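Report on one structure; see the data block that follows.
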Amino acid sequence: MRVAPYIVTPAHGGQLRQIAARYGIPVEQFLDFSANINPAGPPSSVLTAIRNALENPSTLAKYPDLELIQ
């Protein structure tokens, strides 16, 4: 990819603090599309599922049986 000599392309995304400092832009003004990150955090249903799974650690030790999932 060719870019103008004054543009620095990071090797990988998610380096918002370094880019913000380099260009004098507040990090809060950036949207990071380099990774699948949900700024709102996980849905409450996911947190509930994780808590339930942690109550029975054996559920995290193997893949679920697809025939038993309803």
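The values are calculated or read from the model by the stated rules, or taken from the named source; none is laboratory data. All values reported here derive from a predicted model rather than from experimental measurement. FYI the Cβ positions are ideal-geometry reconstructions off the backbone, even for glycines, and counts take in every protein chain you see.
Note on region 11-22: among residues that are surrounded by 10 or more Cβ atoms within 10 Å (Cβ to Cβ) and not polar (S, T, N, Q), the one that is modelled with the lowest pLDDT is 13. What single numbered condition from (1) more than 26 Å from residue 14 (Cα to Cα); (2) within 19 Å of the chain's Cα centre (by Cα); (3) β-branched (Val, Ile, Thr) fails to hold for residue 46? All conditions pass for residue 46, except number (1). Cβ-Cβ under 9 Å, sequence separation 6+ or interchain: first residue in region 47-70 and surrounded by 10 or more Cβ atoms within 10 Å (Cβ to Cβ), partner of a type outside the set (A, V, I, L, M) and not in a helix (DSSP H, G or I). Which pairs? Final answer for the pair search is 47/41; 50/42.
Restricting attention to region 24-43 and to residues that are surrounded by 10 or more Cβ atoms within 10 Å (Cβ to Cβ) and at pLDDT 80 or above, the residue that is farthest from the chain's Cα centre (by Cα) turns out to be 25.
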